[in-house]
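Participant: Starting off with a structure, shown below.
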Amino acid sequence: SSITRGVTVKIPKVSWEDIGGLRDLKKKLQQAVEWPIKHSDTFSRLGISPLRGILLHGPPGCSKTTLAKAAAHATQASLFSLSGADYYSMYVGEGEALLRNTFQKARLAAPSIIFLDEVDGVASKRSGNSSNQVTVEERLLSTLLTEMDGLEEAKGVLVLAATNRPDAIDSALMRPGRFDLVLYVPPPDLEARYEILQVHARKMKVADDVDLQRVAEDTELFTGAELENLCSKAGMLAMRENIFEPIVCDRHFQAARLSSKPALTQQKIE
Ligand code: ATP
């Protein structure tokens, strides 16, 4: 039915090791996710409320979605994902119903993680327009606030949200008990790029002449998604030469690099 649109319930296979770089962030996130999910009883015994929401922000393609999957995998939690287009619908009230429904399912399936990608779509700043008309955005935001406040009673449900536009998020979501932890997911530096290339080259047969360190040096401003794409391109070029047993060589990486260009610019990072 339309109400289950966009909702996926499963424990992903992605692990922390599949994510290159971001060592400190992974450590922080690991603790932030594992405590509320695995030790919710300790929280109740101490009379403190566990973390309910974490906001990840940073440029696209830098592993926010992948981090949510790894967090679910590490805690063996079911992952419920919603993103952009799920929030809006032709039918009045369907976006809110989908949100409520997702929270309800997550409570029933606990331990679970609700991943709200492009959360600025549900939680953008209230425009403060003077008309009495309640907008779709306002209804979505108030539904999300109500559901997050309701998690106080729910054990083992954590909301992870992601956005490229943190300044667009309504401040009501940043109050205590909602998104209490805000983490910046940066584009990869040299060391992280090298690790990301290793992650994606692991699955390929790579020739001795390939120097991933040099590829990393040569891919400044590339995001994780773009590095993954570079590896795929190199793999395809190798397949063109030998479809049965492709071996990816330095020249394939070089050709792939020549036909790739990062979308980020230095200004966008600073
Ligand atoms: P968006 O904001 O566009 O949703 P995102 O930040 O959620 O992007 P992901 O969807 O997690 O990014 O990443 C896109 C792809 O890039 C993934 O398939 C993942 O394999 C790869 N990728 C990104 N960052 C890394 C990383 N640090 N290590 C390994 N792979 C990465």
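The values are calculated or read from the model by the stated rules, or taken from the named source; none is laboratory data. These figures come from a predicted structure and were not determined experimentally. Methodologically, a virtual Cβ is constructed for each residue, glycine included, from the backbone with ideal geometry; neighbour enumeration extends over all protein chains shown.
Participant: Show the residue pairs that are 6+ apart or on different chains and have beta-carbon atoms under 6 Å apart, the first residue being within region 176-197 and within 24 Å of Cys249 (Cα to Cα), the second being of a type in the set (S, T, N, Q).
Facilitator: From region 176-197, the pairs are Arg193/Thr219; Tyr194/Gln213.
Participant: Kindly indicate whether any position in region 8-24 is surrounded by fewer than 18 Cβ atoms within 10 Å (Cβ to Cβ), modelled with pLDDT under 90 and farther than 29 Å from Ala225 by Cα.
Facilitator: no
Participant: Scan region 24-40 for residues that are out of contact with any Ser or Thr (no Cβ under 8 Å at 6 or more places or on another chain) and touching a residue at least 40 places away in the same chain (Cβ under 8 Å) and jot them down.
Facilitator: Leu25, Lys26, Lys28, Leu29, Gln30, Ala32, Pro36, Ser40
Participant: Continuing with this model, one more query. Yes or no: Gly93 at pLDDT below 90 and within 30 Å of Arg23 (Cβ to Cβ)?
Facilitator: For Gly93, the condition - at pLDDT below 90 and within 30 Å of Arg23 (Cβ to Cβ) - is not met.
Participant: Do you know which of the residues in region 161-196 that are more than 11 Å from the ligand (Cβ to nearest atom), within 15 Å of the chain's Cα centre (by Cα) and aliphatic (A, V, I, L, M) is farthest from Ala263 (Cα to Cα)?
Facilitator: Checking each candidate, the answer is Leu181.
Participant: Of the residues in region 98-116, how many are touching a helix residue (DSSP H, G or I) at 6+ places or on another chain (Cβ under 7 Å) and more than 16 Å from the ligand (Cβ to nearest atom)? Walk me through how you get there before you give the answer.
Facilitator: The initial filter retains those residues of region 98-116 that are touching a helix residue (DSSP H, G or I) at 6+ places or on another chain (Cβ under 7 Å), namely 98-101, 103, 111-116.
Okay, now just the ones that are also more than 16 Å from the ligand (Cβ to nearest atom), so 98-101, 103, 111-112.
Residues meeting the conditions: 7.
Participant: So, one more: Would you confirm whether any residue within region 248-264 is over 25 Å from Val119 (Cα atoms), away from the ligand (no atom under 13 Å from the Cβ), in contact with a Gly (Cβ under 7 Å, 6 or more places away or on another chain) and touching a residue at least 12 places away in the same chain (Cβ under 8 Å)?
Facilitator: Yes, some residue in region 248-264 is over 25 Å from Val119 (Cα atoms), away from the ligand (no atom under 13 Å from the Cβ), in contact with a Gly (Cβ under 7 Å, 6 or more places away or on another chain) and touching a residue at least 12 places away in the same chain (Cβ under 8 Å).
Participant: Tell me which of these Leu151 doesn't satisfy, since it passes every other one: (1) surrounded by fewer than 21 Cβ atoms within 10 Å (Cβ to Cβ); (2) within 30 Å of His39 (Cβ to Cβ).
Facilitator: For Leu151, the failing item is (1).
Participant: Is it the case that region 32-49 has a residue that's in a loop (DSSP other than H, G, I, E, B) and either within 15 Å of the ligand (Cβ to nearest atom) or basic (Lys, Arg) (or both)?
Facilitator: Among the residues of region 32-49, not one is in a loop (DSSP other than H, G, I, E, B) and either within 15 Å of the ligand (Cβ to nearest atom) or basic (Lys, Arg) (or both), which makes the answer no.
Participant: Could you count how many residues in region 161-184 are out of contact with any Asp or Glu (no Cβ under 9 Å at 6 or more places or on another chain) and under 22 Å from Lys26 (Cα atoms)?
Facilitator: Number of matching residues: 6.
Participant: While we're on this one: Give me the residue from region 58-97 that is away from the ligand (no atom under 15 Å from the Cβ) and touching a Gly at 6+ places or on another chain (Cβ under 7 Å) and, out of that set, farthest from Thr163 (Cα to Cα).
Facilitator: Filtering region 58-97 for residues that are away from the ligand (no atom under 15 Å from the Cβ) and touching a Gly at 6+ places or on another chain (Cβ under 7 Å), the one farthest from Thr163 (Cα to Cα) comes out as Ser89.
Participant: Let me ask another. Determine which member of the set Leu212, Leu227 is at pLDDT 95 or above, surrounded by fewer than 21 Cβ atoms within 10 Å (Cβ to Cβ) and within 16 Å of the ligand (Cβ to nearest atom). Outline the logic, then answer.
Facilitator: Working: Leu227 fails: surrounded by fewer than 21 Cβ atoms within 10 Å (Cβ to Cβ).
Of Leu212, Leu227, the one residue that is at pLDDT 95 or above, surrounded by fewer than 21 Cβ atoms within 10 Å (Cβ to Cβ) and within 16 Å of the ligand (Cβ to nearest atom) is Leu212.
Participant: If you check Gly53 against the conditions, is it of a type in the set (Gly, Ala, Ser), crowded, with 19+ Cβ neighbours inside 10 Å, touching a helix residue (DSSP H, G or I) at 6+ places or on another chain (Cβ under 7 Å) and at positive phi?
Facilitator: It is false that Gly53 is of a type in the set (Gly, Ala, Ser), crowded, with 19+ Cβ neighbours inside 10 Å, touching a helix residue (DSSP H, G or I) at 6+ places or on another chain (Cβ under 7 Å) and at positive phi.
Participant: Now for a separate question. Can Thr219 be described as under 30 Å from Gln30 (Cβ atoms), crowded, with 20+ Cβ neighbours inside 10 Å and within 11 Å of the ligand (Cβ to nearest atom)?
Facilitator: Against the criterion (under 30 Å from Gln30 (Cβ atoms), crowded, with 20+ Cβ neighbours inside 10 Å and within 11 Å of the ligand (Cβ to nearest atom)), Thr219 does not qualify.
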